[in-house]
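First the structure, in the form of structure tokens, and then the observations on it.
Derivation of every value follows stated rules applied to the coordinates shown; laboratory data play no part. In this text the structure is predicted, and so the values were computed from the model without any measurement. Cβ: placed from backbone, ideal geometry, glycine included. Neighbour counts: every protein chain shown.
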Amino acid sequence: MENQQLPKTLGLADVFCISVGAMISAGIFLLPGRVFEHVGPSSIVSYAFGGVVATAGILAVLELATAMPRAGGIYYFATRSLGPLAGTMSGVLNWSALALKGAFAIFGTAQIAHSFVPALPVPMCGVALTAAFLLVNLLSTAAAAKMQRILVAVLLLVMALYVVFGADKIEAARFVPFLPEGKKVGAVFAEAGFLFVSFGGLLGVISVAEEVRNPRKSIPVGILAGLAVVTTLYALAMAVTVGAVDPETLRLSASPLADAARMHYGRAGFAILTAGALLAFVTTGNAGLMGAARYPVALARDRYAPAVFARTAGRRRVPVPALVLTGGTVAAVQFLDLATIVKVASTVVMLSYILTNLSVVILRESGVMNYRPSFRTPFYPALPLCCALAFSFLVKEQGSMPAVCALVFASLVLYMCYGLMVKRESALKRLVGRLARSEIEAPALEAELREVVRSRDGMVEDSFDRAVETAPAFILPGESTMRELFAEAATAAAAALGCSGEELRERLIARERASGTVIAPGVAVPHMILRGKTDKFIVVLAKSEDGVSFTDEDDAPTVRTAVFVFASEDRRNDHLRALAMVAQTIMARRFEARWARARTPQQLRDIFLLARRTRDPK
């Protein structure tokens, strides 16, 4: 099975453009008439509320994406937090949602083509368009992203022109009554559930997180900026449409923005907005195909799907089998009832947001040390729990659970065929274990997340890292003396240094009496240069639960962190660099909290291995 990481070819501008392109599509070009028929002019609020809810829900997704930028997005998060069964379901559901959203966008493109050339069958046109998008993605992700940037730039220009020039045509009387008679305020907010497919394309951005350069910054900034722009454009465009189009005409219109442009600006306006709709469908179709294909890759990497889907081809490592599977599915969907598919896609997207918000809670409460997001969900845990409840309400209002249950059944079959043969640790398993036995750990999950963080931050291994990876580490429970601490450290290092533990202990004590090694409150770095050029460089990490006194002063803080550094004369440079690296590490904002939470020797090592500090690979 091919398990290479996908190349990092996407920057901040690409994340923004994929986000915008994935959101602006049928939601504003085809659905306004239907939404207006349900809630009248208050449909403006429905669009704005949809954006607000999507923003609140995406915060948890951003936290997980910055902690684990891997292909598969929400599937990867769900597997590592909620377990393999939930992860497999999430992978199948999200793959379906993105594929169906992309298929709907391609169907919209085919409809536009059919309106100009009636002899051209819509399904066959959709199949041809799917093949074209598949070809672009098979060339490389970078090629698909470049096309996305160009298309999104033109699309935003078209939308801005519509809002600016359409504002002069607004008639205030068309906003009265703002909420039709017999309609309750709750209906306005519930309508946002149907519109949620408009924001579902964000899942595609998350699924390509592994291919993003500097994901710590590019993912949250690009996605939040895209959401802000799209939500604003949706609300403004809907306000212009409601104010510039006769209510009866708007209710019956299948392309309200284009009809409004034709009404006020003739054929030229109609052509421009039709071109804008075409661009919107193209960008969404491209983004949907690109993002959906990453889910089979992630499932296969974890051995929850046939290994062939993890394979990549060519110098650019394009996931060909996964793209072909997704493209074939999108092509087949062109022959189905897409109105139902849109509702199913919205429901699946909201279920994904429920899973991610619960995943954040599980991961934080599990105490997994190497879960290190660069973006954290604000107002935790209230916000993620409230989001999960809000999305549950919107899912209930959609009434499309039978189709979703069919997808869940398919994921269960996949799990039974593949997942049952794979054992994997999860944060949920660890949390449940900790409730029963406080010493339960998840070393495999910690190790996987350690490598994820290293890859995300582009950490290059240096001599200090190599020393820490093999460093003896221990935790002293209860009260301890300095002599006991030094004895434990000396015993751990003596064999590698070629001396007796007792001799090394006495030298440490003498060194401490001559010159104290406490460099910060609660932190000591006992160190020494050993005679001879024996190529020795050893680090020992020690934690004292109750602290060790290094002085006779009653009010002096006790030492809970001790880093021992031993080096031979020919490793003086490594010795000096190690002292500097320790100083940088302990100055980190969350060092004390992480050190206090550490319960195993490996967790002590990981705190230093994942520290954001200067690294020299020489």
Mean shadow area of segment 46-95 over all directions, Cα convex hull, nm²
3.9
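Mean 1/r over all different Cα pairs, inverted: what Kirkwood radius does the chain give, in Å? Present the calculation step by step, with values, prior to reporting the outcome.
Numbers: mean 1/r = 0.0375 Å⁻¹.
Hydrodynamic radius (Kirkwood, Cα pairs) of the chain is 26.7 Å.
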Quick check for you: which residues of segment 363-390 have the amide N under 20 Å from the point 7 Å beyond the Cα of A228 toward its beta carbon?
374-379
Filter K183/K396; K343/K396; K101/K184; K184/K396 down to the pairs with a C-alpha to C-alpha distance above 23 Å, please.
K101/K184
Angstrom value of the Kirkwood radius, inverse mean 1/r, which spans all Cα pairs in segment 321-424
16.6
Report Rg/Rh for segment 263-326, rounded to two decimals, where Rg is the Cα radius of gyration and Rh the Kirkwood radius.
1.32
Give me the net charge of P526's neighbourhood, meaning all other residues with Cβ under 13 Å from the Cβ of P526; Lys, Arg count +1, Asp, Glu -1.
+2
Just to confirm my numbers, what's the Cα centroid distance between segment 380-410 and segment 59-113 in Å?
15
How do R315, R511 rank when sorted from fewest to most other Cβ atoms within 10 Å of their own Cβ?
R315, R511
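Would you please classify the overall shape of segment 563-618 from the alpha carbon gyration tensor, given that a ≥ b ≥ c denote the square roots of the eigenvalues, rounded means a/c under 1.5, and beyond that prolate means a/b larger than b/c while oblate covers the rest?
In terms of gyration-tensor shape, prolate.
Please quote Rg/Rh for segment 486-618 to two decimal places, taking the Kirkwood radius as Rh and restricting both calculations to Cα atoms.
0.95
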Kindly put E512, E469 in sequence by how many other C-beta atoms sit within 10 Å of each C-beta, fewest to most.
E469, E512
In whole Å, what is the distance between the alpha-carbon centres of segment 547-614 and segment 500-530?
13
Lys and Arg at +1, Asp and Glu at -1: add these up for the other residues within a Cβ distance under 14 Å of L12 and post the number.
+3
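Ranked by Cβ crowding within 10 angstrom, fewest neighbours first, how are C499, C17, C125 ordered?
Numbers: C499 15, C17 28, C125 20.
Neighbour counts put them in this order, fewest first: C499, C125, C17.
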Tell me the GluC sites (Glu not before Pro) within segment 477-510 that lie in a loop according to DSSP and have at most 16 other beta-carbon atoms within 10 Å.
E479
Under 5 Å between amide H atoms, partner at least 5 residues away or on a different chain: which partners does V318 have, H built in plane at 1.01 Å?
A313
Mind checking Rg over Rh on segment 234-297, alpha carbons, Kirkwood formula for Rh?
1.15
